[in-house]
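Visitor: Here it is: the structure, laid out below.
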Amino acid sequence: MIATSLELRQAFVSYFSSRGHSVVPSGPLIPQADPTLLFTNAGMNQFKSVFLGEESRPYDRAVSIQKCLRAGGKHNDLENVGFTRRHHTFFEMLGNFSFGDYFKEEAIAFGWEFLTQMAGLPPDRLWVTVFREDQEAYDLWHTRMGIPESRLVRLGEKDNFWQMGETGPCGPCSEILIDQGEAFGCGRSTCAVGCDCDRYLEIWNLVFMQFDRDSVGTLNPLPRPSIDTGMGLERLAAVTQGVASNYDSDVFSPILERIGKNTGKVYGTSPTADRSMRVIADHLRAMTFLITEGVLPSNEGRGYVLRRIMRRASRHGRLLGVEREFLYDLVFSVIDLMDSVYPDLRSMKDTVSEIVQGEETRFIGTLEQALPLLNQILEEAKQQGSQILGGEAVFKLYDTYGFPLDLVEDAAREEGLAVDHVGYEQALEAQRDRARKTARFSQADSRSDLVNALGQFPLTKFVGYASQEDRGKLLALVKDEHVIKEAKQGEMVECVLDTTPFYPEGGGQVGDQGTLVGPSARIVVHDTTKLAKGWFLHKGQVIEGSVHVGDVLTATVQGHLRQSAARNHTATHLLHAALREILGPHVKQHGSLVAPNRLRFDFSHFKGLTPKNIEEIEGLVNEQIRQNLTVKVEEMEIQDALSRGALAFFGDKYGEQVRVVEMGSFSQELCGGTHCARTGDVGLFRIVSEGGIAAGVRRIEALTGEGAVAQTQHQEAEWRELAAVLKAGPNEVVEKVRKLVGTLRDTERELERAKQKLLDQQGAAQEASIRDIDGMPILIQRIDGLTIQELRTFSDKLRHKVPSGILVLGSVKEGKVSLLVIVAKEQAHKIPAGKVAQHVAQLVGGSGGGRPDMAQAGGNQPERLDEALRSVYDYVASHRGTLKEE
């Protein structure tokens with residue numbers, strides 16, 4: 001009998017390897033070969049192009065253990081995690097595959113033999129389902145494998161027919177289930193295979209891919225039928241280990257034990273706490289693997305799914321009484337358990353922990369603000385006897401505090417309540433309407449009329465990769481959004497040609513500049529853009545003669561600017577690759593600017609770069625420049641490009657044909673921009689700045705070629721000038737500056753001590769300055785040269801002199817008045833500090849306010865400060881007891 005999940009892995013791979021299957025490592029959770037898929041959610045994902053006939057492999061049988069995640073899109077188990085024994089976000093799928101080799105008979109025999117002889121499951125507790133019309137599979141199970149008809153069930157298309165999409169490969173499937181006994185059932189008399197309870201638990205799904213569904217729904221037999229199977233490791237481990245839940249197996253028990261130690265809870269002693277611990281255990285695995293593969297928490301795409309998972313786990317920590325960051329420490333329990341199978345986890349452990357802690361810290365702030373309001377909404381609903389949380393109130397939680405809807409749903413579900421989704425969507429749509437009314441539309445959005453007007457013309461043919469000069473026919477002239485026939489000297493126009501070497505703005509690269517020369521005109525082009533449909537617009541001014549529609553123009557790109565932009569674009573690719581190598585695979589481009597004179601690159605990263613990081617990145621890019629790698633550009637089908645490892649990202653739109661830019665083995669990306677012939681043409685790369693522009697997004701600005709050389713020379717000139725000012729040699733500058741800074745700090749400390757001594761002396765002399773107004777002691781003092789913060793500090797030395805009265809301090813510094821008023825708390829209701837501050841401020845041309853016991857003010861008429869301070873005595877005498885704080 002197999003005892004552990006590790007033994008199950010080894011036994012599964014060994015079984016199929018000994019039967020002619022090639023062992024294929026798990027594909028990534030982020031499927032490079034399918035940018036339309038959010039996450040890898042099945043073992044067959046990495047073989048999709050093989051099943052579709054788009055790719056061939058050197059084997060026709062395969063076995064794999066695939067990392068999978070189902071927490072977004074069509075397959076989403078997130079909301080069920082914690083509430084059931086068997087649902088997970090991250091899981092591992094055991095699978096064997098045949099690509100036109102063996103079919104139903106062998107797949108069924110393999111499945112049965114492994115489960116009964118290798119995994120040791122009792123045959124008399126195993127049930128089988130088949131598609132109702134699949135007589136072949138039914139007969140194989142019944143006659144070949146000896147499954148009695150009493151444990152062989154026919155089901156419909158919903159349960160036992162698999163298809164990849166609306167059209168394409170599909171076929172019937174057969175599931176192997178185990179009867180776990182009545183204790184796991186729902187108790188209904190109708191409970192049977194197909195019931196949603198846990199009695200009849202699906203273990204293994206065998207898909208018989210034998211048809212190709214066409215656009216009208218007809219099933220046509222495939223020439224080479226294939227096999228795709230999938231079995232969850234977590235379920236199999238639970239069943240073979242004889243435990244009631246996946247969470248009781250050795251896949252989860254070490255993680256749950258660490259959670260218990262961290263939270264002070266013991267798993268299995270409280271149904272409510274157990275649920276939260278299951279959520280945390282599952283989500284720890286998901287966040288650890290996602291971050292290891294380069295996903296960072298964000299508000300879109302995969303990053304948003306990760307953020308939801310992390311925040312859901314954090315909230316369940318709160319339910320266990322944990323109000324501090326704790327997940328960041330628990331990720332090591334996942335790494336310790338699984339790094340022998342997935343070594344990448346160990347190398348990324350510190351990065352994973354740091355990212356998790358940062359997200360926890362941010363969410364704790366959200367929870368502290370939002371949870372009291374959420375608890376109030378829940379309590380009000382229960383008090384009113386309502387089963388529904390109002391949609392508008394739930395939306396306010398999201399809109400004001402960023403509290404996710406799914407977490408509100410979780411909280412409501414725990415209290416037996418539901419969320420008013422209709423009301424929530426109405427509130428969301430109302431906000432969108434408000435945003436639309438104030439939004440500014442881009443020029444591209446406002447040019448639909450122009451697109452319609454140009455519809456009669458062929459799209460522009462771009463020839464700029466091969467040449468920087470060509471001849472093109474002028475199809476149209478555009479001025480002020482109107483299509484015209486002719487333009488004269490001095491006019492600003494946009495020219496549409498049938499053919500052009502001008503690169504249009506796109507992919508971060510700015511549009512080309514240059515000239516258009518015709519029979520009777522010369523046009524200087526300042527920019528080139530592209531309309532959505534595909535017409536290129538050459539924006540410029542007619543500087544000689546006149547130009548007419550139909551003219552054949554010689555289009556010449558300004559070569560120096562094009563080459564400079566190409567240097568920066570090539571450097572951008574090198575920078576991207578260097579960032580991923582040094583910082584980790586989580587780095588992803590978030591935007592760029594490639595201009596002739598500079599480059600800007602925005603990328604995902606969770607913290608600022610250190611000087612050492614910047615030095616390493618800059619050094620690695622320059623190393624690739626010195627190697628003078630060939631910049632190879634190829635056009636190919638997108639699947640071929642992705643299979644070769646070219647970078648592509650979820651959400652980006654690609655056509656069937658793509659352009660791959662490759663720089664040795666260092667960088668390979670899909671790109672439509674212009675590039676150098678070799679990396680050495682970049683010359684030199686210098687980073688000039690690095691900083692954050694949004695949560696989790698950093699920006700690097702850099703220079704190449706002549707610009708990098710000029711910047712280096714400028715810095716050296718400044719260094720020499722600094723050395724001259726310091727009367728030191730270039731190599732002595734740093735040490736000289738350190739000494740000067742040290743001397744300056746010592747002087748500042750001495751000045752501060754002298755100032756405090758003077759203030760102490762002034763404070764000691766104030767005993768006689770205290771005046772009593774109707775039993776209210778008042779101390780007023782002017783001390784020039786202090787800021788408002790320094791007045792606060794000074795007030796600490798004087799408060800004890802009027803513990804039950806009023807202290808008023810005034811100061812003038814750099815022509816500005818600062819005022820501080822402190823009133824004893826027992827007197828504040830009679831003479832609020834804010835009212836006194838407002839009175840004094842008005843006399844010095846300013847304003848002020850604050851709490852009843854402390855207020856501050858400012859003004860711009862320092863010459864009236866003494867008068868204003870003296871007026872406090874009369875003000876208190878005439879207003880005491882008649883004021884109140886508004």
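The values are calculated or read from the model by the stated rules, or taken from the named source; none is laboratory data. Only a predicted model underlies this, so the values are computations on that prediction, with no experimental measurement involved. Positions of Cβ are backbone-derived with ideal geometry, glycine not excepted, and every protein chain shown enters the neighbour counts. Quick note on the areas: whole protein, heavy atoms, side chains included, nothing else; ligands and nucleic acids left out. Shrake-Rupley method; radii C 1.70, N 1.55, O 1.52, S 1.80 Å.
Visitor: In the stretch 340-392, how many residues are under 21 Å from the mean Cα position of the chain (by Cα), exposed (fewer than 15 other Cβ atoms within 10 Å of the Cβ) and among the small types (G, A, S)?
Guide: Of the residues in the stretch 340-392, 1 are under 21 Å from the mean Cα position of the chain (by Cα), exposed (fewer than 15 other Cβ atoms within 10 Å of the Cβ) and among the small types (G, A, S).
Visitor: Turning to a different aspect of this structure: So D410 ticks every box in (1) modelled with pLDDT under 85; (2) touching a Gly at 6+ places or on another chain (Cβ under 9 Å); (3) open to solvent by 50 Å² or more (accessible area, probe 1.4 Å); (4) of a type in the set (D, E, K, R) but one. Which box is left unticked?
Guide: Just one mismatch for D410, condition (3).
Visitor: Considering each of F395, F326 in turn, give the residue that is more than 19 Å from M277 (Cβ to Cβ) and surrounded by 15 or more Cβ atoms within 10 Å (Cβ to Cβ).
Guide: F395
Visitor: Here's a follow-up. Mind telling me which of the residues E182, E149, E157 ends up being open to solvent by 40 Å² or more (accessible area, probe 1.4 Å) and within 24 Å of G230 (Cβ to Cβ)?
Guide: E157
Visitor: Now for a separate question. Just one of (1) within 27 Å of G591 (Cα to Cα); (2) open to solvent by 30 Å² or more (accessible area, probe 1.4 Å) trips up Q456, so point out which.
Guide: (1)
Visitor: Output the strands (runs of 3 or more DSSP E) that fall wholly within the stretch 517-585 and possess 2 or more residues being free of Cβ contacts under 8 Å to residues at least 40 places away in the same chain and open to solvent by 40 Å² or more (accessible area, probe 1.4 Å), or say none.
Guide: By residue number, 521-530.
Visitor: Of everything in the stretch 51-66 that's open to solvent by 70 Å² or more (accessible area, probe 1.4 Å) and over 20 Å from G171 (Cβ atoms), which residue is modelled with the highest pLDDT?
Guide: By that ranking, first place goes to P58.
Rundown of residues vs (1) open to solvent by less than 10 Å² (accessible area, probe 1.4 Å); (2) within 41 Å of the chain's Cα centre (by Cα); (3) within 18 Å of L206 (Cα to Cα), yes/no style:
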| site | (1), (2), (3) |
| --- | --- |
| F83 | no, yes, no |
| E92 | yes, yes, yes |
| F103 | no, no, yes |
| T116 | no, no, yes |
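Visitor: Further question on the same structure: For V130, which of the numbered conditions (1) open to solvent by less than 40 Å² (accessible area, probe 1.4 Å); (2) touching a residue at least 60 places away in the same chain (Cβ under 8 Å); (3) more than 30 Å from P25 (Cβ to Cβ) fails to hold?
Guide: (2)
Visitor: Select from the stretch 586-613 the residues that are over 19 Å from F666 (Cβ atoms) and either aromatic (F, W, Y) or not in a strand (DSSP E or B) (or both) and list them in ascending order.
Guide: Selection gives A595, P596, N597, R598, H605, F606, K607, G608, L609, T610, P611, K612.
Visitor: While we're on this one: Residues that are buried (at least 24 other Cβ atoms within 10 Å of the Cβ) and of a type in the set (K, R): list the helices (runs of 4 or more DSSP H) wholly contained in the stretch 213-298 that include at least 1 such residues.
Guide: Once the helices (runs of 4 or more DSSP H) in the stretch 213-298 are filtered for at least 1 residues that are buried (at least 24 other Cβ atoms within 10 Å of the Cβ) and of a type in the set (K, R), what remains is 271-292.
Visitor: Of the conditions (1) crowded, with 19+ Cβ neighbours inside 10 Å; (2) closer than 20 Å to I773 by Cβ, G859 clears all except one; give me its number.
Guide: Failing condition for G859: (2).
Visitor: Contact list please: Cβ distance under 6 Å, first residue in the stretch 341-356 and assigned to a helix (DSSP H, G or I), second residue open to solvent by 30 Å² or more (accessible area, probe 1.4 Å) and at pLDDT below 90, pairs at least six apart or on different chains.
Guide: Partner pairs satisfying both residue conditions: I355/F606.
Visitor: Moving on. Any chance you could count how many residues in the stretch 693-743 are closer than 30 Å to N299 by Cβ and open to solvent by less than 50 Å² (accessible area, probe 1.4 Å)?
Guide: Number of matching residues: 5.
Visitor: Of the residues that make up the stretch 275-291, is at least one among the acidic types (D, E) and over 22 Å from F83 (Cα atoms)?
Guide: no
Visitor: Hey, another quick one. Do we have S878 as at pLDDT below 90 and not in a loop (DSSP other than H, G, I, E, B) here?
Guide: yes
Visitor: Looking at S811, S871, S804, S818, which one is among the hydroxyl-bearing types (S, T, Y) and assigned to a loop (DSSP other than H, G, I, E, B)?
Guide: S804
Visitor: Being in contact with a strand residue (DSSP E or B) (Cβ under 7 Å, 6 or more places away or on another chain) and either under 17 Å from R567 (Cβ atoms) or assigned to a loop (DSSP other than H, G, I, E, B) (or both) is the requirement here; does V631 meet it?
Guide: So V631 passes the test.
Visitor: Tell me yes or no: at least one residue of the stretch 196-207 is among the charged types (D, E, K, R), in a loop (DSSP other than H, G, I, E, B) and under 38 Å from the mean Cα position of the chain (by Cα).
Guide: yes
Visitor: Only one residue in V483, V478 is in a strand (DSSP E or B), open to solvent by 50 Å² or more (accessible area, probe 1.4 Å) and at pLDDT 90 or above. Which one?
Guide: Just a single option satisfies the conditions, and that option is V483.
Visitor: On to the next question. Considering only residues that are assigned to a loop (DSSP other than H, G, I, E, B) and surrounded by 15 or more Cβ atoms within 10 Å (Cβ to Cβ), look in the stretch 771-800 and name the one that is modelled with the lowest pLDDT.
Guide: Ranking the candidates gives K797 first.
Visitor: Which number in (1) modelled with pLDDT of 95 or more; (2) more than 30 Å from P297 (Cβ to Cβ) marks the one condition that E748 misses?
Guide: (1) is the only condition that E748 fails.
Visitor: Provide a single number: the residues in the stretch 98-135 that are polar (S, T, N, Q), more than 17 Å from G146 (Cα to Cα) and assigned to a helix (DSSP H, G or I).
Guide: Residues that pass the stated criteria total 0.
Conditions tested, residue by residue: (1) assigned to a helix (DSSP H, G or I); (2) within 17 Å of D527 (Cα to Cα); (3) in contact with an Asp or Glu (Cβ under 9 Å, 6 or more places away or on another chain); (4) modelled with pLDDT under 95.
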{"residue": "V451", "(1), (2), (3), (4)": "yes, no, no, yes"}
{"residue": "P458", "(1), (2), (3), (4)": "no, no, yes, yes"}
{"residue": "A466", "(1), (2), (3), (4)": "no, no, no, yes"}
{"residue": "R471", "(1), (2), (3), (4)": "no, no, no, no"}
{"residue": "V493", "(1), (2), (3), (4)": "no, yes, no, no"}
{"residue": "P504", "(1), (2), (3), (4)": "no, yes, yes, no"}
{"residue": "T515", "(1), (2), (3), (4)": "no, yes, no, no"}
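Visitor: For the stretch 494-534, which positions are more than 41 Å from the chain's Cα centre (by Cα) and among the aliphatic types (A, V, I, L, M)?
Guide: Within the stretch 494-534, L516, V517, A521, I523, V524 meet the criteria.
Visitor: Could you run through the stretch 379-398 and say how many residues are within 24 Å of Q431 (Cα to Cα), assigned to a helix (DSSP H, G or I) and of a type outside the set (G, A, S)?
Guide: Matching residues across the stretch 379-398 total 6.
Visitor: Out of (1) outside any loop (DSSP other than H, G, I, E, B); (2) without any contact (Cβ under 8 Å) to a residue 40 or more places away in the chain, what's the single condition that is false for I309?
Guide: Here I309 clears every test but (2).
Visitor: When you look at L798, is it touching a residue at least 40 places away in the same chain (Cβ under 8 Å), of a type outside the set (K, R) and either farther than 20 Å from V876 by Cβ or in contact with a helix residue (DSSP H, G or I) (Cβ under 9 Å, 6 or more places away or on another chain) (or both), yes or no?
Guide: It is false that L798 is touching a residue at least 40 places away in the same chain (Cβ under 8 Å), of a type outside the set (K, R) and either farther than 20 Å from V876 by Cβ or in contact with a helix residue (DSSP H, G or I) (Cβ under 9 Å, 6 or more places away or on another chain) (or both).
Visitor: A further question follows. Where the second residue is part of a helix (DSSP H, G or I) and open to solvent by 60 Å² or more (accessible area, probe 1.4 Å) and the first is touching a residue at least 12 places away in the same chain (Cβ under 8 Å) and lies in the stretch 707-721, which pairs have Cβ atoms under 9 Å and are six or more apart or on separate chains?
Guide: As it stands, the answer is W719/P730, since those pairs meet every condition given.
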